[in-house]
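Enquirer: Before anything else, here's the structure in question.
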Amino acid sequence: MVYNDCMNHNDLEYLIKTRRKLHALAELSGEEHKTSAFIAEELKSFGFKPKTVGTGVFCDTGKGPRLALRADIDALPIKEDVAFTGVDFAAEGCVMHACGHDGHTANLLNVARIIGPKSDIPLRFIFQFGEEGIGGSETMIAGGVLEDVEEIYAIHMCPELDEGKIGYCYGAMFAGCVEFDVEFKGKASHCATPEKGADAVRASIYAADRAFEAAKKHNLLINLGKIEGGAARNIVADRCNSAYTLRFYDMAKSEAFIMELERALIEADETFGTEHNLITSAVYPPLINHALCVDKVRSLMGDRAVPTEPRYTAEDFSNYINEVPGAIFWLGTKKSDGRYSVPLHSEKFGFDESALLTGTELFLKLIEAHGQAHGRGHGK
């Protein structure tokens, strides 16, 4: 059996070595050149013939309706708190695998190593770039990674879940996300003669109030995380830029919100004499797991699969499962003594590589089930 074969491949040793190498290589979205090259070289050393899409990498085994497994490879603009994490393999500068993508990638490389390129089970291993904010999955899909794919699965590290557990969620597991900026251009004047100016800051405040009202009406989550404008306290501001994120489980409601926002921006211009520009930088649809795929993993993992609640975080894996059936699952990292429970996207985030063994087990069981469903062999 594929899963039982796993036990004879020094998995933990490989996972530790590979995850730490990837952690040290950490690169931002779209800039994963060293990471991509490392992944490709590893796959070549196993005998695969990897292909690239941007800084993403994928490779195949067998022929026929494929099971795809995906890992994301980018890091975040965060400087690791080494005094807390205690690691000697932190990346240089202000970049860190603070969302566990180094673990996702090491896990999938381990699975590819175990299965090998000669397996007749039709598989695709996808190492996706640019998950953190630039929607790399769209580019990967345009590059053909879903061709012949029947189902697709992924995991995500979860410091709130006990190590050894797989967290599942039926329906919406992650929220959809629209990241947008609002720019107002006004006209500077002295505050003593405001009629000679066009106040970009007041226009931004007006628009922000309307945006929050619209979000509340449609039961959406909105955050204004950054606002910059003006030159001095006694000068009417000639510019103001605001950075927002909108989170939702219903695309129709998000579209209605954007229409109301546009009307509010026009009203702001008419009221304050400004000109606005609405810039959308990323749009992720809600991640809706396919029920039959969740059922399959629950059956494979037994009582180690536990229910979890939806979150307002976003994941561009949603783009894949809008095209083909699939699901994503939480991989627990929290130790029984409470260690490794620091939230994702924190400079203190970390995990013990032993948690990845459950991820390898899950993927190998999915591969075995796919092979059995299509009358194929067991791997190497």
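Enquirer: Sort through A98, A83, A91 and tell me the only one that's under 22 Å from the mean Cα position of the chain (by Cα) and either assigned to a helix (DSSP H, G or I) or surrounded by fewer than 24 Cβ atoms within 10 Å (Cβ to Cβ) (or both).
Expert: On the way: A98 fails: either assigned to a helix (DSSP H, G or I) or surrounded by fewer than 24 Cβ atoms within 10 Å (Cβ to Cβ) (or both); A83 fails: under 22 Å from the mean Cα position of the chain (by Cα).
Matching residue, one of A98, A83, A91: A91.
Enquirer: Picking from V87, V111, which residue would you name as being within 21 Å of I328 (Cα to Cα), out of contact with any Lys or Arg (no Cβ under 6 Å at 6 or more places or on another chain) and touching a residue at least 60 places away in the same chain (Cβ under 8 Å)?
Expert: Of the residues listed, the single one that is within 21 Å of I328 (Cα to Cα), out of contact with any Lys or Arg (no Cβ under 6 Å at 6 or more places or on another chain) and touching a residue at least 60 places away in the same chain (Cβ under 8 Å) is V111.
Rundown of residues vs (1) open to solvent by less than 30 Å² (accessible area, probe 1.4 Å); (2) part of a loop (DSSP other than H, G, I, E, B); (3) closer than 20 Å to A142 by Cα, yes/no style:
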| residue | (1), (2), (3) |
| --- | --- |
| F38 | no, no, no |
| C59 | yes, no, yes |
| G103 | yes, no, no |
| L108 | yes, no, no |
| A112 | yes, no, no |
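Enquirer: Going by the structure shown, is L161 crowded, with 19+ Cβ neighbours inside 10 Å and under 26 Å from A373 (Cβ atoms)? Walk me through how you get there before you give the answer.
Expert: Working: crowded, with 19+ Cβ neighbours inside 10 Å: yes; under 26 Å from A373 (Cβ atoms): no.
Against the criterion (crowded, with 19+ Cβ neighbours inside 10 Å and under 26 Å from A373 (Cβ atoms)), L161 does not qualify.
Enquirer: So, one more: Evaluate the range 116-123: report whether one residue or more is among the small types (G, A, S) and not in a loop (DSSP other than H, G, I, E, B).
Expert: No, that holds for no residue.
Enquirer: Just to verify a result, which residue in the range 339-378, among those that are in a helix (DSSP H, G or I) and among the small types (G, A, S), is farthest from L300 (Cα to Cα)?
Expert: So in the range 339-378, the residues in a helix (DSSP H, G or I) come out as 353-373.
Narrowing further to those that are among the small types (G, A, S): 354-355, 359, 369, 371, 373.
Values: S354: 20, A355: 18, G359: 12, A369: 9, G371: 14, A373: 14 Å.
It comes out as S354.
Enquirer: Among (1) under 30 Å from G302 (Cα atoms); (2) surrounded by fewer than 18 Cβ atoms within 10 Å (Cβ to Cβ); (3) modelled with pLDDT of 95 or more, where does G171 come up short?
Expert: (3)
Enquirer: Could you go through the range 321-333 and let me know if any residue there is farther than 29 Å from M251 by Cβ and buried (at least 19 other Cβ atoms within 10 Å of the Cβ).
Expert: Within the range 321-333, one or more residues are farther than 29 Å from M251 by Cβ and buried (at least 19 other Cβ atoms within 10 Å of the Cβ).
Enquirer: Of all residues in the range 299-314, which are in contact with a helix residue (DSSP H, G or I) (Cβ under 9 Å, 6 or more places away or on another chain), over 14 Å from L161 (Cα atoms) and surrounded by 15 or more Cβ atoms within 10 Å (Cβ to Cβ)?
Expert: L300, M301
Enquirer: Is there a residue in the range 10-20 that is under 20 Å from H97 (Cβ atoms) and in a strand (DSSP E or B)?
Expert: no
Enquirer: Quick check on my filter: what residues within the range 246-268 are open to solvent by less than 30 Å² (accessible area, probe 1.4 Å) and of a type outside the set (G, A, S)?
Expert: Across the range 246-268, the qualifying residues are L246, F248, F257, L261, L265.
Enquirer: Further question on the same structure: Does T280 qualify as being at pLDDT below 95 and surrounded by fewer than 19 Cβ atoms within 10 Å (Cβ to Cβ)?
Expert: Here the answer is yes, as T280 does meet what is asked.
The values are calculated or read from the model by the stated rules, or taken from the named source; none is laboratory data. Being a predicted model, the structure only gives us computed values, none of them experimental. Reconstructed Cβ throughout: ideal geometry from the backbone, glycine too, with neighbour counts over all protein chains shown. The area values use the complete protein model at the heavy-atom level, side chains included, leaving out ligands, DNA and RNA. Shrake-Rupley method; radii C 1.70, N 1.55, O 1.52, S 1.80 Å.
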